[in-house]
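Comments concern the structure below.
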Amino acid sequence: MTDRRAARIELSGVTKQYGAVTAVRDVSFTIAAGSLVTLLGPSGCGKTTTLRLIAGLETVTSGRIMIGGDDVTALGATDRNVSMVFQSYALFPHMSVLDNVAYGPRVGGRSRRQAAESAREALAGVGLAELADRLPSELSGGQQQRVAIARALVLEPRVLLFDEPLSNLDARLRRQMREEIRALQQRLGITVVYVTHDQEEALGVSDRIIVMNHAVVAQEGPPRDLYESPDDVFVAGFMGETNRVKGVLWRLDERTGRLTIGGLTRTVPHRGLADGTVDVAIRPEAILIVDGQPTGGALRGTVSQAAYLGSRMEYSIASEIGELFVTSPAVDAPLAPGAPVALTLASHGITLIRP
Amino acid sequence: MRDGLRRWALVWSLVGCAGLALAPWYAASDGAGPGKLQLLVPGLALLAALALRNLPLRLGRATLGLRLMVLGGGSFIYIAAQGFAIGGQPGMGLGAAVVATSLVMLFALGLAARGFFKGDAFVAGAVVVVAVLVVFFTLYPVARILLSAVQGSDGAVSGRALAERLFAAKIWRLDCLTGGRSCGVGWNTLVLALLTATTTTALGLAFALVVTRTGFKAKRLLRVLTVLPIITPPFVIGLGLILIFGRSGLVNQLMEWAFAVPPSRWIYGLPGVWLAQTLSFTPVAFLVLIGVVEGVSPSLEEASQTLRADRWQTFSRVSLPLMLPGLANAFLVGFIESIADFGNPIVLGGNFGVLSTEAFFSIVGAQLDQGRAASLGVLLLVLALGAFFVQRRVVGRKVYTAISGKGDGGRPAPLPPFVRRLAFGVALPWTMLTLSIYGMALAGGFVETWGRDYTPTLRHYAKAFSVEWGGTGIIWSGSAWRSFWTTLELASIAAPLTAALGILTAYLLVRQRFAGRAAFEFATMLSFAIPGTVIGVSYILAFNVPPIELTGTGIILIVCFVFRNMPVGLRAGVAAMSQIDGSLDEASRTLGGRSFVTLRRVILPLLRPAVVAALVYSFVRAMTTVSAVIFLVSADYDMATTYIIHRVLNGDYGVAIAYSSVLIVLMLAAIGLIQLLVGERRLRRGAPALEALPTGPIA
């Protein structure tokens, strides 16, 4: 029960079917002990079902789930030593904050005094010691979130699961809670699996990201890899805004190739693609708007729409390689629609997409 | 913890053995014991189940489960088969009941061990127990009444006997149209039900419009009026009507005095019953329709107005069509209530018989024809179930009002002046009539003889409830005390059982997914649709003879209350539980709470309002019901309502009215006490959440 060591999670060939619908299809991955891994994907992609399968709230149709080296496939949620923070927080509305946090130890058979003691400790850990006697309805959203985390942590689980923990908070609080969750995870060194549909949140909080789509894992890796070298169109689009254009590849060596887009040339990893016309994904910030006549060639275009977003400008630009979506930090010198521009490409944020 | 299952198997095996060894197998008191063979199988099964404990850990869960299922289920079937097959033996007693229960529990544990119900022993046990109870106390009696209806007088099953009875001239003759004496009870019932459904729906709509769409001030008064019928014994309205419109009622006396018009008897018959039913069931229609009217999204009406429709166009083309499914529902509810009603027709019907009263007179009257009672019951059942299924389809189809969802702003459109005047013109006089009837009914208990001698007196109360001090203490010398205490006792026993069974079933239906859940839900809701008269007749047919011989006991009344009223607790529980987010259960599970712990610590506290509603309702219904009970009472167990009915049938209105008033006061006190005991649900400081009583078909 009080095994403080973080546990490794291993899914192999996990499938979950509801009648004719397959929510999760043959999913396998490993989550290292003590890391924070995000399950990222659009709604209905199977990420929450995967999380619930790890929690034991659903049982697999086929496949195997190991936690900390033990096969837990047949165990229910009650027997898995896994805690979960729910999207709605699921705080018991009829119990005080303290009773909520003490619930786990209480039903686990500890005395009222012991349970209250560890609950107070857990509440202090999330900075809510003085609110112990309130009811959940008397707390703000962020405070409720912290209570839910304290309630999950009080049992000292080997794995902590978060189901869209920030979706009910307003934007300002979101960043703060995200950082708190990350700090807490680092401090306690526990394994955390975190479900979200927000790619920025995933990038900001994770050691690794598992992107899911249509019930299968689309790509898995460190945040930077997923953003900068997505495997396919879906991941590219899901990890952030992207421009899809055509380019011509000419392989240079084992790893890299020369990519020509319009009149511009860049050296990029060829990712095993054959020479010839290829699909390219370019991040909006990788397209640079240049003043005057740049050396080394440029793309010509005309601004068709412009929007001021405070920290950056967003432009739609009709160019010779198609309609481009471009962001620019130069808010002091905004371009008006109709203005002619010259464009060039940065050295990062350009990826070849496997067909 | 996973050995909890084995522990429970041990506990239930021991309980079974104890029942077998210590309690009498048969209920009969003459000491006749069962044959050895009859006890052998369950005895051996229980010992074998005990032995399973001793070879535990090598035995896989699946094997253990299979053995438990075979032992428990097999010997349960053996006991049941033997009970039904062997004639001439006495009814089963406590010992048999305990053994049967433990065998059923062992079977359920076996199911859980084999992975059914997600391996949850508590859920498995609960589902199996509720299912067995429903089979024995709802499905079996209904099967018996169907069987009796197809059995001829010689006992042989024949379709002709059924056809003869179902289409008997007495039920379907149309003499009244051609100037003969009266029409058949089948037509009477149908015509009455259609009339009542029409008027209750119209009046209910008028009230709902007045309350929600006008600036009417005394809304609370109308709300109170809707609670009244719930705590009113079913013949109070009939009595009130007699006091006003009866032969020696106020109206007739006035007419005779002023215009020398001879007193009329119009109140006894269709008009009186119709009026009484309309008075009784309008509040139910109102409660159905107020939700419907409130559900019409104001933004739709505002949209209509911005499209240049005037008030009348908005009402007739937008609001009214949106309410149509709700109106159909209210109509069907009124229809079902009317055909199931027993109290009003028996008090006011006179020669105007309906199916429920005819069935009663076939059993208690000079005819003593159970087959006829059964076939009348079957006819009643067919009508009620037919209407019930139509209603479920109407309600089941997506009601328009649900589409726009909540969180819709806007103000409801004011009613067109014509509709507004009509609604007020109908609702206000009707309120006055209802109030005066209740007033009369209460006042009637305090005068010597209504119609002849209006001297104030406490004579009736004294006759019913006098208390004397004797040498040994209090002597309850009033004539009503006996039935009063019986009623109080049985209602107090039945209420917690009813609430517990209803809430437990609701939990199983809302929170658990298992094979056969749909059938389970259907069977539990079915008893809701069966008219009380049918239940009464079928209980007599089913439990008058072994193996389950219950007539003449208090148990049959309690069983009847529990299964008649359980669906109300069930509905209250389902409605309340659907409001509780499933993630609360899941949170409890991930924190180590098993299903029983979760139910007790998380769900039940949140269900307090529903628990209160279920307790109050089952208590009150047990005190006021008459239709089923009147078949089941005995000399030892007379109920308040049947006592009152008999006073009414003897023309002894004073005592009947006095007793009814006492019952109403008692029920108000009981409601207060239950709320005090169960307490309130506290989710927010200073804002107790108490929901209204549920309402449903009352029969």
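The values are calculated or read from the model by the stated rules, or taken from the named source; none is laboratory data. Computed from a predicted model, the values in this text were never measured in an experiment. Cβ placement follows ideal geometry from the backbone for every residue including glycine, while neighbour counts extend to all protein chains displayed. Surface areas here come from the heavy atoms of the whole protein model, side chains and all, with no ligands, DNA or RNA. Shrake-Rupley method; radii C 1.70, N 1.55, O 1.52, S 1.80 Å.
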Original post:
Kirkwood hydrodynamic radius for segment B:414-460: how many Å is it when counted over pairs of different Cα atoms?
Top reply: 13.0
Subject >> Fraction of accessible area attributable to carbon and sulfur, chain A (%, probe 1.4 Å) >> reply: 48
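Answer rounded, prolate or oblate for segment A:70-196, using the Cα gyration tensor with square roots of eigenvalues a ≥ b ≥ c: rounded when a/c is under 1.5, else prolate when a/b is larger than b/c, else oblate.
Oblate shape, in that a/c is at least 1.5 and b/c is the bigger or equal ratio.
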Original post:
Suppose every K and R has +1 on its Cβ and every D and E has -1 on its Cβ; what is the size of the dipole of segment B:466-673 about the Cα centre, in Debye to the nearest 20?
Top reply: 720
**OP:** Could you tell me what fraction of 2.2 N^0.38 Å the Cα radius of gyration of the protein assembly as shown comes to, as a two-decimal ratio?
**Re:** 1.19
Original post:
Mind checking how much accessible area A and B bury in total, 1.4 Å probe, in Å² rounded to 100?
Top reply: 2300
Subject >> Cα pair distances of segment A:242-353 binned at 5 Å [whole percent] >> reply: 2, 13, 22, 23, 17, 11, 7, 4, 1
Original post:
Mean residue ellipticity at 222 nm from the helices of chain B, using -39,500 (n - 2.57) per DSSP H segment of n ≥ 4 over the full residue count, to the nearest 500 deg cm²/dmol?
Top reply: -22000 deg cm²/dmol
**OP:** Would you be so kind as to list the residues of segment A:56-81 that have their accessible area lowered by at least 30 Å² in the full protein complex compared with their chain by itself (1.4 Å probe)?
**Re:** A:Leu57, A:Ala77, A:Thr78, A:Asp79
Subject >> Helical contribution to [θ] at 222 nm, DSSP H n ≥ 4, -39,500 (n - 2.57), averaged over chain A, rounded to 500 >> reply: -7000 deg cm²/dmol
**OP:** Report relative contact order for chain A in percent, whole number only (criteria: Cα-Cα under 8 Å, sequence separation at least 6).
**Re:** 16
Original post:
Taking accessible area as the heavy-atom solvent-accessible surface of the protein chains with a 1.4 Å probe, which residues of segment A:93-115 lose no less than 40 Å² upon going from the isolated chain to the full protein assembly?
Top reply: A:Pro93, A:His94, A:Tyr103, A:Val107
Subject >> Whole-number accessible area per residue in Å² for segment A:9-233, which is evaluated in the context of all protein chains at 1.4 Å >> reply: 38
Subject >> Cα-based Rg and Dmax for segment A:1-154, where Dmax is the largest Cα-Cα distance (Å) >> reply: 17.1, 50
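Order A:299-312, B:272-285, B:570-583, B:192-205 from most to least packed using the mean count of other Cβ atoms within 10 Å.
So the peptides A:299-312, B:272-285, B:570-583, B:192-205, ranked by packing, come out B:272-285, B:192-205, B:570-583, A:299-312.
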Subject >> Solvent-accessible area per residue, Å², over chain B with all protein chains present [probe radius 1.4 Å] >> reply: 44
Original post:
How big is chain B on each of its three principal axes, counting only the C-alpha atoms and giving the largest first in Å?
Top reply: 91, 66, 63
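When a/c is below 1.5 the answer is rounded, else prolate if a/b is larger than b/c, else oblate, so apply that to segment B:476-546 with a ≥ b ≥ c taken from the square roots of the Cα gyration tensor eigenvalues.
Verdict is oblate for segment B:476-546.
At 1.567 mPa s and 4 °C, plugging the Kirkwood radius over alpha-carbon pairs of segment B:561-634 into Stokes-Einstein gives what diffusion coefficient in µm²/s?
93
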Original post:
Which percent of the accessible area of segment B:299-338 is formed by carbon and sulfur heavy atoms (probe 1.4 angstrom)?
Top reply: 62
**OP:** Go through B:Cys560, B:Cys17 and list them by solvent-accessible area, largest first, probe radius 1.4 Å.
**Re:** B:Cys17, B:Cys560
Original post:
How much length, in nm to one decimal, is gained on full extension between A:Thr277 and A:Glu323, taken as 0.36 nm per residue of separation minus their Cα-Cα distance?
Top reply: 14.7 nm
Subject >> 10 Å Cβ neighbours from other chains, averaged over peptide A:131-138 >> reply: 2
Original post:
Can you give the Rg to Rh ratio of segment A:90-158, both from alpha-carbon atoms, with Rh computed by the Kirkwood formula?
Top reply: 0.93
**OP:** Evaluate 2.2 N^0.38 Å with N set to the residue count of chain A, then give the Cα radius of gyration divided by it.
**Re:** 1.19
Subject >> Of the DSSP H helices in chain A, those whose Cα atoms cover at least 15 Å axially and whose Kyte score averages -0.5 or more >> reply: A:97-107, A:141-153
